[in-house]
Amino acid sequence: MSKQSKKELISWLKSILIALVIVGVCRHYLITPVTVKGESMIPTFEDDNRVIISKLTDIEAFDLIVFQSPISADKHIKRVIGLPGDEIKIKDDILSINGKIYKEPYLKQNKENSLFNQPITGDFELEVPEGSFFVMGDNRLKSMDSRSYGVISTASVIGEVKMRIYPIASIGWLD
C-alpha cells in the first residue's frame with residue numbers, strides 16, 4: 001500500500017470515527033428513536049409506531065412523553081395530564097385541572113367506540129406531588145397508567161415525543 005493510500009485510509013477512518021462519536025452523543029443526550037408497544041395510546045399511536053423523542057425539553061401538560069415504567073423494565077409512552085402541584089379531577093369523563101375544565105379531543109374516537117356511551121376514564125380526584133407527573137394513555141379503557149401504578153417520578157422521564165417516523169404514511173412532527 002502506497003504512502004498516499006495509507007493517508008487516504010487514515011483520513012476516512014478519522015471521518016467515520018468522528019461521525020460515530022457525534023451520532024452517539026446526539027443519541028445519548030439529545031434525541032433517540034423509540035418504538036411504541038401496545039394499545040394504550042390508540043388512536044394517537046398504534047403498536048409498533050416509531051417516534052423520535054427529545055431529551056432536552058421542558059414537560060408541559062398534555063405533552064406526550066416516554067418514561068421508564070415504575071413497575072417493569074419497559075419504557076412507556078403516555079400523555080402528561082398533571083404537573084407537580086396540580087389538582088386533577090375527572091368526573092363523567094370531564095377533566096379539570098386546578099378547577100379549569102379541559103377538552104380532550106384525542107379521546108373522541110375511543111368515546112365514540114365505547115358501549116352505550118359509558119365513561120372511559122373513571123371518576124377520581126388527586127393532587128400531583130412535587131417531583132411527579134400524572135400520566136394517562138389516550139386509550140383509557142386499555143391503558144395501564146397513573147390510575148394503576150400512581151404518579152411517575154419526573155426523573156423517570158426519558159424525553160418528549162416530537163416526531164413520528166414510522167409508518168411512512170404518518171411521518172411528521174407532533175404538536
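The values are calculated or read from the model by the stated rules, or taken from the named source; none is laboratory data. Computed from a predicted model, the values in this text were never measured in an experiment. Quick reminder, even Gly has a Cβ in these numbers, built from the backbone with ideal geometry, and neighbours come from all protein chains shown.
Can you name the residue in the range 91-114 that is hydroxyl-bearing (Ser, Thr, Tyr) and at pLDDT 90 or above and, of all such residues, is nearest to PRO33 (Cα to Cα)? Before the answer, list the steps.
Just the residues of the range 91-114 that are hydroxyl-bearing (Ser, Thr, Tyr), to begin with: 96, 102, 106, 114.
Now narrow it down to the ones that are at pLDDT 90 or above: 96, 102, 106.
Working: SER96: 33, TYR102: 30, TYR106: 23 Å.
My answer is TYR106.
Looking at the range 100-113, can you tell me whether even one residue there is without any contact (Cβ under 8 Å) to a residue 40 or more places away in the chain, surrounded by 12 or more Cβ atoms within 10 Å (Cβ to Cβ) and aliphatic (A, V, I, L, M)?
Within the range 100-113 (the criterion being without any contact (Cβ under 8 Å) to a residue 40 or more places away in the chain, surrounded by 12 or more Cβ atoms within 10 Å (Cβ to Cβ) and aliphatic (A, V, I, L, M)), the answer is yes, since at least one residue qualifies.
Consider the range 25-51. How many of its residues are basic (Lys, Arg) and within 17 Å of ILE168 (Cα to Cα)?
Going through the range 25-51 one residue at a time, the tally reaches 1.
Here are ILE77, ILE81, ILE65, ILE88: which of them is assigned to a strand (DSSP E or B), modelled with pLDDT of 95 or more, β-branched (Val, Ile, Thr) and more than 30 Å from PRO33 (Cβ to Cβ)?
On the way: ILE77 fails: more than 30 Å from PRO33 (Cβ to Cβ); ILE81 fails: more than 30 Å from PRO33 (Cβ to Cβ); ILE65 fails: more than 30 Å from PRO33 (Cβ to Cβ).
None of the other options fit; the residue is ILE88.
Going by the conditions given, is LYS91 closer than 13 Å to ASN139 by Cα and out of contact with any Lys or Arg (no Cβ under 6 Å at 6 or more places or on another chain)?
no
Please list, ordered by first then second residue, the pairs with beta carbon atoms under 6 Å, 6 or more apart or interchain, first in the range 132-156 and farther than 16 Å from LEU83 by Cα, second crowded, with 21+ Cβ neighbours inside 10 Å and among the aliphatic types (A, V, I, L, M).
Here the result reads ASP138/MET41, each pair linking the range 132-156 to a residue that is crowded, with 21+ Cβ neighbours inside 10 Å and among the aliphatic types (A, V, I, L, M).
Report, by residue number, each residue of the range 70-106 that is farther than 17 Å from VAL128 by Cβ and touching a helix residue (DSSP H, G or I) at 6+ places or on another chain (Cβ under 8 Å).
Selection gives ILE71, ASP93.
Inspect the range 160-174 for any residue being out of contact with any strand residue (DSSP E or B) (no Cβ under 6 Å at 6 or more places or on another chain), crowded, with 16+ Cβ neighbours inside 10 Å and touching a residue at least 12 places away in the same chain (Cβ under 8 Å) and give the result as yes or no.
no
From the residues in the range 53-62 that are of a type in the set (A, V, I, L, M, F, W, C) and at pLDDT 95 or above, which one is farthest from SER148 (Cα to Cα)? Outline the logic, then answer.
Here is the first cut: in the range 53-62, the residues of a type in the set (A, V, I, L, M, F, W, C) are 53, 56, 59, 61-62.
Adding the requirement that they be at pLDDT 95 or above leaves 53, 59, 61-62.
On the way: ILE53: 25, ILE59: 22, ALA61: 19, PHE62: 19 Å.
Ranking the candidates gives ILE53 first.
Going through the range 35-68 one residue at a time, which ones are surrounded by fewer than 13 Cβ atoms within 10 Å (Cβ to Cβ) and touching a Pro at 6+ places or on another chain (Cβ under 9 Å)?
Across the range 35-68, the qualifying residue is only ASP48.
For the range 140-149, state whether one or more residues are buried (at least 20 other Cβ atoms within 10 Å of the Cβ), touching a helix residue (DSSP H, G or I) at 6+ places or on another chain (Cβ under 7 Å) and closer than 28 Å to THR57 by Cα.
Yes, there is a match, as at least one residue in the range 140-149 is buried (at least 20 other Cβ atoms within 10 Å of the Cβ), touching a helix residue (DSSP H, G or I) at 6+ places or on another chain (Cβ under 7 Å) and closer than 28 Å to THR57 by Cα.
Restricting attention to the range 1-45, and to residues there that are more than 13 Å from the chain's Cα centre (by Cα) and of a type in the set (D, E, K, R), which single residue is farthest from VAL80 (Cα to Cα)?
In this case the residue turns out to be LYS3.
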